[in-house]
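Encoded as structure tokens, the structure appears first; notes follow it.
The values are calculated or read from the model by the stated rules, or taken from the named source; none is laboratory data. As the structure is a computational prediction, the values presented were derived from the model and not from experiment. Here the Cβ positions follow ideal geometry from the backbone for every residue, glycine too, while neighbour counts run over all protein chains shown. Remember, those area values only see protein heavy atoms, side chains included, never the ligands or the DNA or RNA. Shrake-Rupley method; radii C 1.70, N 1.55, O 1.52, S 1.80 Å.
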Amino acid sequence: MSNGPDLYRHRGTRAIQRMVEFAPSTGGLALWVRHQDLPDDVNPGPVATDGTTLYYGAGFERLPIAAQVGLVAHEVLHIALRHPQRFLDLQARLGDVELELFNICADAIVNSSLSHLTWLQLPASAVLLDELLLSTLGLDQAVEKSLLEWDVERLYRAIDDRQAPGKGRRQAPRARRRSGIGERQPGADGLQSPEAVEDATQAQPREDGPKAARVRALGAETQVDLFPRGDSQRHPELEAEQAREWSERILRAHAGDGAHSMLRALIADLPKIRTPWEQIMRTQLARGLAVRPNLSWSRPSRSYIANQGRAGPGRRMPWEPGISSAKTVPRLVVIVDVSGSVDDRLLERFAGEIEAITRRLEADLVLVIGDRRVQRVAHFEPGRSDLRHIEFVGGGGTDFTPLLEEADRHGPDIGVVLTDLEGPARFRPLWPVIWAVPESDTTPVQPFGRKLILT
């Protein structure tokens with residue numbers, strides 16, 4: 001776009017104007033979104049999104065205005081509900097999430113939220129939530145009730161019955177959903193092909209079960225429109241804040257429009273607000289490793305010296321000890337239970353957080369590795385820990401007692417135990433303990449201290 005009067009105009013301008021005219025508050029959600037026209041040789045369909053920006057293809061302008069409004073409203077709700085970011089979050093949790101099936105589930109929720117409006121037009125092939133539930137899960141319920149009960153994560157988990165290769169029959173990916181998408185890699189247009197997203201974590205695709213096959217057939221004529229960007233997971237605190245902001249915007253906008261709202265109901269699919277485990281761990285360790293000044297009984301405090309030890313004529317002040325100038329180096333102990341298993345990416349993030357925290361707080365680190373017995377003890381200077389190359393050997397069983405006793409001998413200020421929580425702990429130290437547990441092992445209860453779920 002060039003400078004001048006058309007600086008803020010794009011292919012979706014007329015559609016947004018119509019949205020704001022009919023639903024000023026919820027239609028105004030489009031004003032919080034970035035918009036970008038794509039060159040003619042990039043064809044993701046009429047309009048698509050990566051979670052922050054709406055990308056308009058050349059074919060968008062050839063559509064009737066009502067169809068344009070329907071598409072823009074659809075994509076704006078994808079962004080407001082954080083669907084691309086939630087795909088990446090679910091992928092990080094489950095490891096294998098197929099973008100095509102997730103996209104159909106997200107489309108069903110968004111389309112059903114908009115289907116009551118007469119001033120926009122959804123595509124004839126639009127998948128609706130009540131239809132998907134009936135054809136896939138056999139649930140016959142009103143769309144309003146469905147929107148109040150189902151979020152995209154729950155819906156995806158319910159329909160994803162894909163099996164390991166050889167146990168079922170997988171339909172070939174639809175050519176229409178793939179056409180023109182994989183021709184451009186991330187670049188100026190900001191889009192990434194669904195193949196690239198899926199291939200990054202899915203070396204051998206699983207075969208569709210009956211539910212996944214029906215969902216795929218139901219959305220056979222729809223166009224893929226979600227292009228998640230992997231870099232959105234690099235800053236979990238920022239993502240949590242953006243989810244909070246969008247949830248508040250949706251609630252205010254829905255209340256402002258009332259019966260004219262683009263949202264049929266306050267749907268269950270509102271963005272989930274969850275404080276990242278990294279932020280919680282930083283806060284807890286910062287408190288535990290904070291340097292506390294030591295009292296010195298060999299020298300008086302500054303106030304005692306300034307008043308020359310007197311509170312007035314003939315009245316002496318009680319002795320007030322001063323502060324020792326010697327700096328005590330805080331010490332963190334990390335206990336790693338190698339009898340379980342930790343995903344390499346999760347271990348990478350955990351190790352990076354520990355290194356950053358010890359560097360920032362100038363804290364020594366003691367690393368204790370073991371299962372039923374202590375296998376290794378290592379000391380590291382601030383910010384120089386080596387946790388990324390730890391090898392986990394599952395099935396050996398764990399006893400936290402010798403590990404905690406060994407850690408206690410080093411006099412830590414606070415400790416973190418990376419474990420699956422399977423094992424006894426007959427020794428309880430006086431220092432605070434944080435049990436860092438992968439999300440797949442959240443059922444056991446920690447014997448004491450605080451449990452932190454690593455997602």
* Cross-chain or 6+ apart pairs with Cβ under 8 Å, segment 74-99 first and more than 19 Å from residue 267 (Cα to Cα), then surrounded by fewer than 22 Cβ atoms within 10 Å (Cβ to Cβ) and small (Gly, Ala, Ser) -> 88/230; 88/232
* Neighbours by Cβ (under 9 Å, 6+ apart or cross-chain): first from segment 135-156, within 19 Å of residue 213 (Cα to Cα); second of a type in the set (A, V, I, L, M) and outside any helix (DSSP H, G or I) -> 152/81; 154/268; 156/97
* To do: Say whether the condition of being surrounded by 22 or more Cβ atoms within 10 Å (Cβ to Cβ), over 20 Å from the mean Cα position of the chain (by Cα) and outside any helix (DSSP H, G or I) is met by at least one residue in segment 126-140.
  => yes
* Of the residues 253, 217, 243, 213, which is aliphatic (A, V, I, L, M), in a helix (DSSP H, G or I), within 24 Å of residue 29 (Cα to Cα) and modelled with pLDDT of 90 or more? -> 253
* What is the number of the single condition among (1) in a strand (DSSP E or B); (2) crowded, with 17+ Cβ neighbours inside 10 Å that residue 412 does not meet? -> (1)
* **Members of segment 101-126 found to be at pLDDT 95 or above and of a type in the set (Val, Ile, Thr), listed by number** => 104, 109, 110
* To do: Give the residues of segment 383-407 that are in contact with a Gly (Cβ under 9 Å, 6 or more places away or on another chain) and at pLDDT 80 or above, sorted by residue number.
  => 398, 399, 400, 401, 402, 403, 404, 406, 407
* To do: Quickly run through segment 31-45 and pick out the residues that are within 30 Å of residue 239 (Cα to Cα) and touching an Asp or Glu at 6+ places or on another chain (Cβ under 9 Å).
  => 32, 33, 36, 38, 39, 42, 43, 44, 45
* To do: Test residue 120 against the criterion of being open to solvent by 10 Å² or more (accessible area, probe 1.4 Å) and assigned to a loop (DSSP other than H, G, I, E, B), and give yes or no.
  => yes
* Breaking point among (1) touching a strand residue (DSSP E or B) at 6+ places or on another chain (Cβ under 6 Å); (2) open to solvent by 50 Å² or more (accessible area, probe 1.4 Å); (3) of a type in the set (Asp, Glu), for residue 75 -> (2)
* Asked: Any idea which residue in segment 317-339 is farthest from residue 94 (Cα to Cα), counting only those that are surrounded by 11 or more Cβ atoms within 10 Å (Cβ to Cβ) and modelled with pLDDT under 75?
  -> 317
* **Matching residues, segment 344-394, being surrounded by fewer than 15 Cβ atoms within 10 Å (Cβ to Cβ) and among the acidic types (Asp, Glu)** => 344, 348, 362, 381, 386, 391
* Count of segment 401-432 residues which are touching a residue at least 24 places away in the same chain (Cβ under 8 Å), aliphatic (A, V, I, L, M) and within 14 Å of residue 288 (Cβ to Cβ) -> 4
* State whether one or more residues within segment 90-98 are among the polar types (S, T, N, Q), under 25 Å from the mean Cα position of the chain (by Cα) and more than 19 Å from residue 223 (Cα to Cα). => yes
* Could you count how many residues in segment 363-379 are of a type outside the set (A, V, I, L, M, F, W, C) and within 19 Å of residue 280 (Cα to Cα)? -> 0
* To do: Scan segment 84-94 and give yes if some residue there is open to solvent by 40 Å² or more (accessible area, probe 1.4 Å), charged (D, E, K, R), in contact with a helix residue (DSSP H, G or I) (Cβ under 8 Å, 6 or more places away or on another chain) and modelled with pLDDT under 95, otherwise no.
  => yes
